[in-house]
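*Asks:* Following this message is one structure expressed as structure tokens.
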Amino acid sequence: MPWNEPGGNNQDPWSGGGRNQGPPDLDEAFRKLWNRLRGMLGMRPARGGGGGATGTSVVVVVVVLAVLWLASGIYIVGPGEKAVVFRFGAFKDVTDPGPHWHLPWPIEHREVVNFTQVRDSQHRSMLLTQDENIIDIELAVQYRVKDARDYLINVRGPDITLRDVVDSVISEVVGQNTMDFILGDGRSVVATESRVKIQKLLDSYGTGIEVLSVNLQQAQPPEAVQSAFADAIKAREDEARFRNEAEAYANGILPLARGEAARIEQEATAYKEKIIAMAEGDASRFTQLVKAYRKAPEITRKRLYIETMEAVLGDVSKVLVDIKNGNNLMYLPLDKVMQGGAAAMPRQSGALDNTLQSSKSISRSTLGNRGDGMRSSSRSTLREARP
């Protein structure tokens, strides 16, 4: 029945009308709590007369619980780790490896971060290149935590933030390059440029993350056009191979050509010097001959004739004999005549007789009886004319 209705005796719960209630008995409350604990532990509840013992036991329990609560704040930070301590949710301190203590929960709590562990983040997406081609990119980002406070406080979900940053940066870098460059020699360039931009953007956000490397694991066109791009790549490889072969051939042939040119030049120089020396010698000899001719023309003509005949007939394997002047004793070097005749004519029997007969006929038709006298007179005249 409501307290303000007739028959409720005006017993409202605030004024305590109609009841004679005092303040709650703390000893009774502790006694009941102690009995419940004893019952949970399988012990019989204490009797009402043991109030002093019950109060002492309650104090002991409270002290034990307080000690356990304070002991819960002890923690150990392992090697390669750092602990960030928060007090009522706000940053308080960063502790290094070793044993530490903080006020127990809910006043303070800690979060441990491993800053030596290398973590990996995989990314794969279809991106648009500068020349409006679609390329399938797969890359792996390796990173670690360099600042535990920034990693836990500045950004909510730093790993998710890293993924978003990587997607944004790789889209930008791929969009600034052509597909041929990315598929060819630009893979390392794309990876390096992406790592620099990712780190710069993460530092601007204060994520406390250090990017160690960006590995471009896969970069290929879509499956529908992979065969065409494979042919294009093979053509580029053949082009590079042919260029290398041509450069190798050029590097091998050019030194040979230079050496040959130097040899020809040296031979030409030597030939030029030889011709010049011969011309100078001939000119000097001709000058001396002119001087001698001016002094004794007749003697000089005879001397030139005799020297010319000696030069012409010196290598002829024939003997000229004057048959009219038979008084002179002649010595025929038959061994040399036979050797010369054997080298100049076929080896036949009677070759020496034919040589002698031809020599006699030549002597009759050319020189005659005056040859010997003119030769002797010319030689005597030359001896007289020479100084």
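The values are calculated or read from the model by the stated rules, or taken from the named source; none is laboratory data. Fair warning: this is a prediction, and the values are worked out from it, not measured in the lab. All Cβ positions, glycine included, derive from the backbone under ideal geometry; neighbour counts span all protein chains shown.
*Asks:* What number of residues within region 115-148 satisfy the criterion of being closer than 23 Å to Gln199 by Cβ and assigned to a loop (DSSP other than H, G, I, E, B)? Can you show your working first?
*Replies:* Taking region 115-148 first, the residues closer than 23 Å to Gln199 by Cβ are 115-125, 127, 137-148.
Right, trim to assigned to a loop (DSSP other than H, G, I, E, B) and you get 115-118, 146-147.
Count: 6.
*Asks:* Across region 80-118, what is the total count of residues that are of a type outside the set (A, V, I, L, M) and touching a residue at least 40 places away in the same chain (Cβ under 8 Å)?
*Replies:* Start the filter on region 80-118 by keeping residues that are of a type outside the set (A, V, I, L, M), which leaves 80-82, 86-89, 91-93, 95-102, 104-106, 108-111, 114-117.
After this cut, where a residue has to be touching a residue at least 40 places away in the same chain (Cβ under 8 Å) as well, the list is 82, 91, 111.
Here the count works out to 3.
*Asks:* Of all residues being under 30 Å from Gln117 (Cβ atoms) and of a type in the set (A, V, I, L, M) in region 206-260, which is modelled with the lowest pLDDT? Just the residue, please. Even if it seems obvious, please write down each step before you answer.
*Replies:* From region 206-260, those under 30 Å from Gln117 (Cβ atoms) are 206-219; that's our starting set.
Restricting the remaining residues to those that are of a type in the set (A, V, I, L, M) gives 209, 211-212, 214, 216, 219.
Working: Ile209: 87, Val211: 89, Leu212: 89, Val214: 88, Leu216: 86, Ala219: 82.
This residue is Ala219.
*Asks:* Just to be sure I understand, how many residues within region 276-325 are of a type in the set (Gly, Ala, Ser), modelled with pLDDT under 85 and in a loop (DSSP other than H, G, I, E, B)? Before you say what the answer is, go through the steps one by one.
*Replies:* If we filter region 276-325 for residues that are of a type in the set (Gly, Ala, Ser), which is where we start, we get 277, 279, 281, 283-284, 292, 296, 311, 314, 317.
Filter once more, keeping what is modelled with pLDDT under 85: 311, 314, 317.
From what's left, in a loop (DSSP other than H, G, I, E, B): 314, 317.
Total meeting the criteria: 2.
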